[in-house]
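Have a look at the structure below, then the notes.
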Amino acid sequence: MCGIVGYNGSENAAEILLEGLAKLEYRGYDSAGLAVRNGTNDVEIVKAKGRLRVLAEKTNDGKALKGTLGIGHTRWATHGEPSENNAHPHISDDRNVVGVHNGIIENYQELKEKLLRHDYTFYSNTDTEIAIKLIDYYMKKYQEGPVDSIARAMMRIKGSYALAVMFKDYPEELYVARKDSPMVIGIAEGATFVASDVPAILKHTRTVYYIGNQQIAKIGKGTAEFYDIDREPIQLEAEEVTWDAEAAEKGGFEHFMIKEIHEQPKAVRDTISSFVKDGNIDLSEAGLSEADLAAVRSVIIVACGSAYHVGLAGQYVMEKMARIPVRVELASEFRYRDPILCADDLVIVISQSGETADSLAALRLAKEKGVPTLGIVNVVGSSIAREADRVFYTLAGPEIAVATTKAYSAQLAAVYALAIQLAAVRKQINEEEYHDLIAELQELPAKMDRVLEDKERIQWFAAKYSNAKDMFFIGRGIDYAISMEGSLKMKEISYVHSEAYAAGELKHGTISLVEEGTLVVGVCTQNGLFEKTRSNMAEVKTRGAYLMGLTSYGNYAIEDTADFTVYIPRTSEYFATSLAIIPLQLLGYYLSVARGLNVDKPRNLAKSVTVE
Ligand code: F6R
C-alpha cells in the first residue's frame, strides 16, 4: 500500500503535494518522492529514503521545486528494497513519461522482457518503472497521445494499480488511471487534486470524483475528463465528501484496528496471489525450490507474540499435512538456551515488522550455527528480511494498529503455502489433494468476508459482557492455537485478564478459577475433537461459566452446551484458524470500544519491539 498525490493548478505544486503526502503517510513510509513540471522545462524529480520529513528537508518544504503541475508518492515497498533508487516517481529513458504507482503488477517480469527486447534499460527493482516505460513504449509506437498509450498499457498489465502520469509533450496536463487500487479526484476553482485517499485533498475541496476500475482521467486546472479503457469519453457524477478529516484517514472506520480487520480478506488474497501461479504453488520468489524443501528434515519456527501463535497453528498444519517434525519457539527463549540445531533443519522466523529484537537475535543465532533460515516478513527491506537467507514476503500492507490482525492472517497464508509444498515434495498428498488444498486456500478470502458480515452479533455480545473481569479461551489442537491468539487480542486491547488453555488441561488446576458468570470461549473447529472440547465446555458450565461457542456451520449440537454461538463457514480443517480468528479479533475490539479504551494504541505497548 502506497500513497499517491497529484496537483494541477496555479500554486506551487510541491508544497501542496507534500501536505497531501503527509495525510497519506499511514499508508506506508519507507521512502517518498516528488516530480514537478514548470511549463515546458524538463521535469524535476526529488526522492528520499525514510520518512516524509527527509523529503521535506531536501526540498525546503517543497519551496525549492518550482512548477504548478506535479505528482508525489509515499512508498511501502513490495518490489525492491526501500531506497532512493526504488522510490517513485519513475521516469522513462528519455524523460518523456514520468509517473507514480500504487499496487502490484503481477506480470512485471514478462513486461520487462518485452521492453528489454525494445532496448529499454532499467535502473530500479520496481514494477512501477516497467509500467511507466510500457506507457512510453505505446506512446512512441502508436503516437495517439496519453489516453491511448495508458489504455494500451492497462490492457497488458495484470494486477492492481493506481497510476498518475505526466508527459513531456503535454506540459499542462496530468493523467491518472486505476484498477483495484483506490484513487480520488478533487475539483476546486482553477485546481484539481488527485490522491489515493480523501484525507489528502480535504483541505482543498470536498467535491470529488471516484474514478472507476479500468478508467482513465485527463486532469486540467480545475477540470477532469474521463475515458474508459476503449478510450471512449464517459461521464462520472461528482460527489460531496461529508466525513471529517480524521474519519476519512481511517476510510470511514472508527479505528485503524477495525479497518485492518476488514482488510484481512485482501491481505490474504494478495499474499496467496503472490505464490499461486497457474494453479500451482510457486515459492521461487522466496528463493525456495522443490529440491530445497525436499532437503529439509525438520522445521523450527521462531517468533514473538501473535507471530508465535501463527507458528503454533502452523505446527499442527505442517506436521499433520506434511508429516515433518516442527518445533515452535518463543524467540526470547530460543536465543538464550543454546538450541540444538542441525544443518538440514529449516529455521523460519516470522515477523510483521522484521525488526523485533528477539526474533532478529534468534535469526542471527541460527545463521551462526550454519542452519538455513527463512524470514516470513511483512516490511520489505527490514532487518530480518535483509539478514535471512531467504524471504517470504506477506502482502498485508502497512499495519498501523498496535494489535496485529491482517499481518497475522497474511502470515498464516504463507505458512499454509509452505505446508502444502512440503507435503507435496514429501509425497504426503497426491496431485488431486494438492489442487484441492490450493482451491480451498483461494476460497478463504471470500469466506473471511462472510465472517465479517456477522460482526453485529459479536458487537452485541461484547457490549453485554464489557464488564467481564476474567476470561478463558479453550480448545484442542489447532483450536488451542486459535485460543491463544484470541486470548492475546482480548488482554492486550481490552485489559481483561484472559487465559488460553488446552481444553483437556483445564481440570489440572485452572478450572478452580471458574465461578458463576466467568466468560469461557470454547473453540471447536476440528471435527475429530468437537465432542471432546464440548464435554470440557460442559464441565465449566456446571461450575457457573457463561459459554460462547465458536464452531463451523453444521455443528449445531454446540447450542445444547453454549449460551451464545458464533458460526464460521466450513473450510479444510487445516485452514480453520483463518476464519475462526476473526470473531475473536472482533470480540477483543468491541470489548475495548465498549470500555472506552485506546484501541489502536493500548497502554504500555509498541508496534515494533526493538529491545529485548
Ligand atoms: C499482538 C502483536 C504482537 C506482535 C509481536 C511480534 O497483537 O502485535 O504480539 O505479534 O510483537 O511482532 P513482529 O511480528 O513485528 O515481530
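For every residue, the table says whether it meets (1) under 26 Å from K158 (Cβ atoms); (2) assigned to a strand (DSSP E or B); (3) modelled with pLDDT under 95.
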site: T192; (1), (2), (3): no, yes, no
site: N213; (1), (2), (3): yes, no, yes
site: K218; (1), (2), (3): yes, yes, no
site: E225; (1), (2), (3): no, yes, no
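Y175 meets all of the listed conditions (1) more than 26 Å from the chain's Cα centre (by Cα); (2) part of a helix (DSSP H, G or I); (3) surrounded by 15 or more Cβ atoms within 10 Å (Cβ to Cβ) but one, namely (2). For segment 290-298, indicate whether the set of residues that are within 16 Å of the ligand (Cβ to nearest atom) and either closer than 18 Å to G375 by Cα or of a type outside the set (S, T, Y) (or both) is non-empty. No: segment 290-298 contains no residue that is within 16 Å of the ligand (Cβ to nearest atom) and either closer than 18 Å to G375 by Cα or of a type outside the set (S, T, Y) (or both).
Considering only segment 55-83, how many residues are over 25 Å from the mean Cα position of the chain (by Cα), open to solvent by 20 Å² or more (accessible area, probe 1.4 Å) and either under 26 Å from I104 (Cα atoms) or among the charged types (D, E, K, R) (or both)? Final tally of qualifying residues: 5.
Under the condition of being among the aromatic types (F, W, Y) and more than 9 Å from the ligand (Cβ to nearest atom), which residue from segment 388-408 is nearest to S494 (Cα to Cα)?
Of the residues in segment 388-408, the ones among the aromatic types (F, W, Y) are 392-393, 408.
The next check asks that each one be more than 9 Å from the ligand (Cβ to nearest atom); those that pass are 392-393.
Details: F392: 32, Y393: 30 Å.
Going through the qualifying residues, I end up with Y393.
Just to be sure I understand, how many residues within segment 1-29 are touching a residue at least 60 places away in the same chain (Cβ under 8 Å) and open to solvent by 30 Å² or more (accessible area, probe 1.4 Å)? It would help to see each step written out before you state the result.
Step one: filter segment 1-29 for residues touching a residue at least 60 places away in the same chain (Cβ under 8 Å), giving 1-11, 16, 19-21, 23-24, 26-29.
Narrowing further to those that are open to solvent by 30 Å² or more (accessible area, probe 1.4 Å): 1, 10-11, 19, 23, 29.
Final tally of qualifying residues: 6.
I want to confirm something. Restricting to segment 84-113 and keeping residues that are over 20 Å from M139 (Cβ atoms) and among the aliphatic types (A, V, I, L, M), which single residue is surrounded by the most Cβ atoms within 10 Å (Cβ to Cβ)? By that ranking, first place goes to A87. There is at least one residue in segment 343-355 that is over 22 Å from E285 (Cα atoms), out of contact with any Cys (no Cβ under 7 Å at 6 or more places or on another chain), without any contact (Cβ under 8 Å) to a residue 60 or more places away in the chain and more than 10 Å from the ligand (Cβ to nearest atom). Counting the residues of segment 437-451 that are of a type in the set (D, E, K, R) and in contact with a Ser or Thr (Cβ under 8 Å, 6 or more places away or on another chain) gives 3.
Scan L346, L341 and give me the residue that is more than 21 Å from the chain's Cα centre (by Cα), part of a strand (DSSP E or B) and assigned by TED's automatic domain parsing to the domain that holds L437.
Numbers: L341 fails: part of a strand (DSSP E or B).
Residue meeting the stated conditions: L346.
Scanning for something in a helix (DSSP H, G or I) and within 22 Å of the chain's Cα centre (by Cα), does segment 562-574 turn up at least one residue? There is at least one residue in segment 562-574 that is in a helix (DSSP H, G or I) and within 22 Å of the chain's Cα centre (by Cα). Taken over segment 467-482, the residue count meeting the criterion of being open to solvent by less than 50 Å² (accessible area, probe 1.4 Å) and either closer than 15 Å to T518 by Cβ or among the basic types (K, R) (or both) is 5.
Conditions tested, residue by residue: (1) in the same structural domain as D389 (by TED's automatic domain parsing); (2) touching a Gly at 6+ places or on another chain (Cβ under 6 Å); (3) assigned to a helix (DSSP H, G or I).
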residue: K221; (1), (2), (3): no, yes, no
residue: R231; (1), (2), (3): no, no, no
residue: M257; (1), (2), (3): yes, no, yes
residue: I261; (1), (2), (3): yes, no, yes
residue: P265; (1), (2), (3): yes, no, yes
residue: D270; (1), (2), (3): yes, no, yes
residue: S273; (1), (2), (3): yes, no, yes
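Can you tell me which residue in segment 462-501 is nearest to the ligand (Cβ to nearest atom), limited to those that are aromatic (F, W, Y) and touching a Leu at 6+ places or on another chain (Cβ under 7 Å)? Here the residue is Y495.
Can you confirm whether Q235 is open to solvent by 20 Å² or more (accessible area, probe 1.4 Å) and at positive phi? No; evaluated as a whole, the condition is false for this residue. Considering only residues in segment 14-42 that are within 26 Å of G251 (Cβ to Cβ) and aliphatic (A, V, I, L, M), the one that is nearest to the chain's Cα centre (by Cα) turns out to be L24.
Counting only residues that are farther than 19 Å from L312 by Cα, within 13 Å of the ligand (Cβ to nearest atom) and more than 13 Å from the chain's Cα centre (by Cα), segment 361-387 holds 5 of them. If the condition is being small (G, A, S) and either open to solvent by 30 Å² or more (accessible area, probe 1.4 Å) or out of contact with any helix residue (DSSP H, G or I) (no Cβ under 6 Å at 6 or more places or on another chain) (or both), then segment 308-348 contributes G311, S332, A343.
All conditions in (1) part of a helix (DSSP H, G or I); (2) closer than 30 Å to A77 by Cβ; (3) not acidic (D, E) hold for G370, with the sole exception of (1). Just the residues that are without any contact (Cβ under 8 Å) to a residue 40 or more places away in the chain and either at positive phi or open to solvent by less than 50 Å² (accessible area, probe 1.4 Å) (or both), please, taken from segment 488-498. Answer for segment 488-498, where residues must be without any contact (Cβ under 8 Å) to a residue 40 or more places away in the chain and either at positive phi or open to solvent by less than 50 Å² (accessible area, probe 1.4 Å) (or both): just S498. Taken together, the residues in segment 301-342 that are within 16 Å of the ligand (Cβ to nearest atom) and β-branched (V, I, T) amount to 4. Among the conditions (1) crowded, with 16+ Cβ neighbours inside 10 Å; (2) in contact with a Gly (Cβ under 8 Å, 6 or more places away or on another chain), the only one that D180 does not satisfy is (1).
For segment 418-438, indicate whether the set of residues that are at pLDDT below 95, of a type in the set (A, V, I, L, M) and assigned to a loop (DSSP other than H, G, I, E, B) is non-empty.
Initial filter on segment 418-438 (at pLDDT below 95): none.
No, because not a single residue in segment 418-438 is at pLDDT below 95, of a type in the set (A, V, I, L, M) and assigned to a loop (DSSP other than H, G, I, E, B).
Out of S306, S289, S284, report the one residue that is over 23 Å from K367 (Cα atoms) and small (G, A, S). Show your work before the answer.
On the way: S289 fails: over 23 Å from K367 (Cα atoms); S284 fails: over 23 Å from K367 (Cα atoms).
Matching residue, one of S306, S289, S284: S306.
Here is a yes/no grid of residues against (1) surrounded by fewer than 22 Cβ atoms within 10 Å (Cβ to Cβ); (2) aromatic (F, W, Y); (3) more than 27 Å from M321 (Cα to Cα):
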{"position": "L513", "(1), (2), (3)": "yes, no, yes"}
{"position": "N527", "(1), (2), (3)": "yes, no, no"}
{"position": "Y553", "(1), (2), (3)": "yes, yes, no"}
{"position": "Y556", "(1), (2), (3)": "yes, yes, yes"}
{"position": "I568", "(1), (2), (3)": "no, no, no"}
{"position": "T577", "(1), (2), (3)": "no, no, no"}
{"position": "L586", "(1), (2), (3)": "no, no, yes"}
{"position": "G596", "(1), (2), (3)": "yes, no, yes"}
{"position": "P602", "(1), (2), (3)": "yes, no, yes"}
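The values are calculated or read from the model by the stated rules, or taken from the named source; none is laboratory data. Predicted model only: the values in this text are computed from it and were never measured. Here the Cβ is made from the backbone with ideal geometry for all residues, glycine too, and neighbour counts use every protein chain on show. With ligands, DNA and RNA removed, areas are computed over all heavy atoms of the protein, side chains included. Shrake-Rupley method; radii C 1.70, N 1.55, O 1.52, S 1.80 Å.
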